[in-house]
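Down below is the structure, laid out as structure tokens.
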Amino acid sequence: MKRLLLTLNAQREVPEGTAFEDMKPDAIFAHLPDGAVHQGFAMRATAPEPESVNAVVDPTHGILVVLDSVTDPHNVGAVFRSAAAFGARAVVMQDRKAPPLFGAVAKASVGATETVRHVRVTNIADTLIGFREAGRSVIGLDGEAETHLPEAIANTAAPDWSSSWGPKIKACVRASRKTATCWFRFHHR
């Protein structure tokens, strides 16, 4: 946290010893972008630092979610929310094409970018191959797949799977069938 601005009412809500600047509600707006709102709090923070792929590759380190070419900040935020809800260890994203984890992503994630770690990689296909070589099961999402998600998870029978989402994941598999253990689709009723 770089800077915390609080109104008198908001100061009652923070732990004792927290460093902050006392401000009137109208004065806080001068420090916010146009159209932003506040409820007595405003904070300037840095984006969370990514973990290395080596920190999460071990299959005993929990579920990973891999995003390929998912660039919309609201979608990335929603994936972080889902990852938090399902207890994922980390979200793996491309280092150049994924949006930064502040602003719209942080807002859409409703704080999940602060609780679910993230990993930035250069090449998703190579990363998925590395996960497989390390003993992870990799489950890919494809709308045309024959297997449904519950079957895909049951067939992996391990808590080490990595779920891969994005429009280019299927192309990665065509390039190298080593990237995914199996493919699934959501069941539509």
query: What residues from segment 36-73 fall in the zone where the backbone N is under 18 Å from a label point 7 Å along the Cα-to-C-beta line of ASP22?
result: 40-42
query: Net charge near HIS118, counting Lys/Arg +1 and Asp/Glu -1 over other residues with Cβ under 10 Å of its Cβ?
result: 0
- request: Give the distance, in whole Å, between the Cα centre of segment 52-91 and the Cα centre of segment 95-149.
  value: 4
query: Using 7 Å Cα-to-Cβ label points, what is the ALA36/ASN123 separation (nm, one decimal)?
result: 3.9
query: How would HIS31, HIS74, HIS38, HIS118 line up by accessible area, probe 1.4 Å, largest first?
result: HIS74, HIS31, HIS38, HIS118
- prompt: Going from most exposed to least, what order do ARG3, ARG12 have by accessible area with a 1.4 Å probe?
  reply: ARG12, ARG3
query: Among residues other than ALA84 whose Cβ falls under 15 Å from its Cβ, what is the net charge (Lys/Arg +1, Asp/Glu -1)?
result: +3
- prompt: Based on the alpha-carbon gyration tensor of segment 1-94 and its eigenvalue square roots a ≥ b ≥ c, which shape applies: rounded if a/c is under 1.5, prolate if not and a/b is larger than b/c, or oblate?
  reply: prolate
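The values are calculated or read from the model by the stated rules, or taken from the named source; none is laboratory data. These numbers were taken from a predicted model, which means no experiment stands behind them. For neighbour counting, all protein chains shown are included, and Cβ atoms are generated from backbone atoms with ideal geometry for every residue, glycine included. These accessible areas exclude ligands, DNA and RNA; they are computed on the full protein's heavy atoms, side chains included. Shrake-Rupley method; radii C 1.70, N 1.55, O 1.52, S 1.80 Å.
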